[in-house]
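What follows draws every value from the coordinates through simple rules; no lab data is involved. Because the structure is a prediction, the values reported are computed rather than measured. All Cβ positions, glycine included, derive from the backbone under ideal geometry; neighbour counts span all protein chains shown.
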Amino acid sequence: MSLAHFISLQNKDPGFDTFVNGKAIAHASDALERIAEQEQVTSIMSFYGKKWYEADQGLQTVRALMEYLKTNPTAVEDADEVIEDLKEWEDVLLKAKTAGIKWKMKIDY
């Protein structure tokens with residue numbers, strides 16, 4: 001099974017590439033939930049569902065998780081891959097913020 005968490009934008013044709021791998025994030029989701037709670041940021045799974053969110057909300061979470069993992073790489077298995085996925089998310093969310101586009105997380109099973 002190839003589970004992945006990815007970004008869905010409210011504008012389906014935003015004018016930039018929205019691809020994110022998201023597999024490492026999906027596989028580390030339980031640990032990332034605990035880290036988000038510890039760091040007092042919204043968890044990635046909180047962005048899943050029908051509601052659209054401002055890109056800033058996702059950026060806050062993604063950046064907090066990246067910073068935590070850079071200083072605590074043993075907190076998740078394959079931390080380098082998780083950080084790489086989070087960087088991809090940060091890239092897309094920065095572009096969405098600039099374009100004023102809302103987002104939500106989806107899961108590919």
**Asked** Of everything in segment 19-52 that's charged (D, E, K, R) and under 19 Å from Thr74 (Cα atoms), which residue is surrounded by the most Cβ atoms within 10 Å (Cβ to Cβ)?
**Response** Lys23
**Prompt:** Consider Gly15 against the criteria (1) loosely packed, with under 15 Cβ neighbours inside 10 Å; (2) assigned to a strand (DSSP E or B): it satisfies all of them except one. Which criterion is unmet?
**Reply:** (2)
**Request:** Might you check whether a residue that is in a helix (DSSP H, G or I) and farther than 19 Å from Leu3 by Cα occurs anywhere in segment 23-33?
**Result:** no
**Message:** For segment 93-109, give me each residue that is without any contact (Cβ under 8 Å) to a residue 12 or more places away in the chain and not hydroxyl-bearing (Ser, Thr, Tyr).
**Reply:** Gly100
**Prompt:** What do you reckon, is Glu88 assigned to a helix (DSSP H, G or I), buried (at least 17 other Cβ atoms within 10 Å of the Cβ) and out of contact with any His (no Cβ under 7 Å at 6 or more places or on another chain)?
**Reply:** yes
**Item:** Residues that are in contact with an Asp or Glu (Cβ under 8 Å, 6 or more places away or on another chain) and within 13 Å of Ala31 (Cβ to Cβ), drawn from segment 54-97
**Value:** Leu65, Tyr68, Pro73
**Test for Gln60: is it exposed (fewer than 14 other Cβ atoms within 10 Å of the Cβ), assigned to a helix (DSSP H, G or I) and either without any contact (Cβ under 8 Å) to a residue 40 or more places away in the chain or at positive phi (or both)** = no
**Message:** Among the numbered criteria (1) of a type outside the set (A, V, I, L, M, F, W, C); (2) part of a helix (DSSP H, G or I); (3) within 10 Å of the chain's Cα centre (by Cα), which one does Asp80 miss?
**Reply:** (3)
